[in-house]
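One structure is given below, encoded as structure tokens.
Derivation of every value follows stated rules applied to the coordinates shown; laboratory data play no part. This is a predicted model, so every value here is computed, not measured. Glycine also receives a Cβ, built like all others from the backbone with ideal geometry; neighbour counts cover every protein chain displayed.
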């Protein structure tokens, strides 16, 4: 399964491939680890200052069988290098095959059609 997010409260592009056992996420923008709605962002960051400084890693690899809550990021570990390379290549092939515009750079904010 493939998934994507580009905009929600902020421009926060990410793409994902999920198999029965693993999930690989590529974060094109390395924003905060959780998305905080703009209207409460400052209050939240003031109460949890660690969130203000932390950023998502570029790549995330999670073992959904042994770590279903996705607490440990296996991306970059020598033990997971082959699996990470395979999932990254499959995700990239999917993005190319679907002509994902994100491969060409930053996407504009969609215009309201109403």
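Evaluate the distance, in nm, between pseudo-label points positioned 7 Å from the Cα of residue 73 and of residue 86 along their respective Cα→Cβ axes.
Taking the two extended label points, one gets 2.3 nm.
Between residue 101 and residue 5, with labels modelled 7 Å along Cα→Cβ, what's the label distance in nm to one decimal, could you check?
2.0
Going highest first, how would you order 22-28, 67-73, 55-61 by mean Cβ packing within 10 Å?
Put in order of decreasing packing, that is 22-28, 55-61, 67-73.
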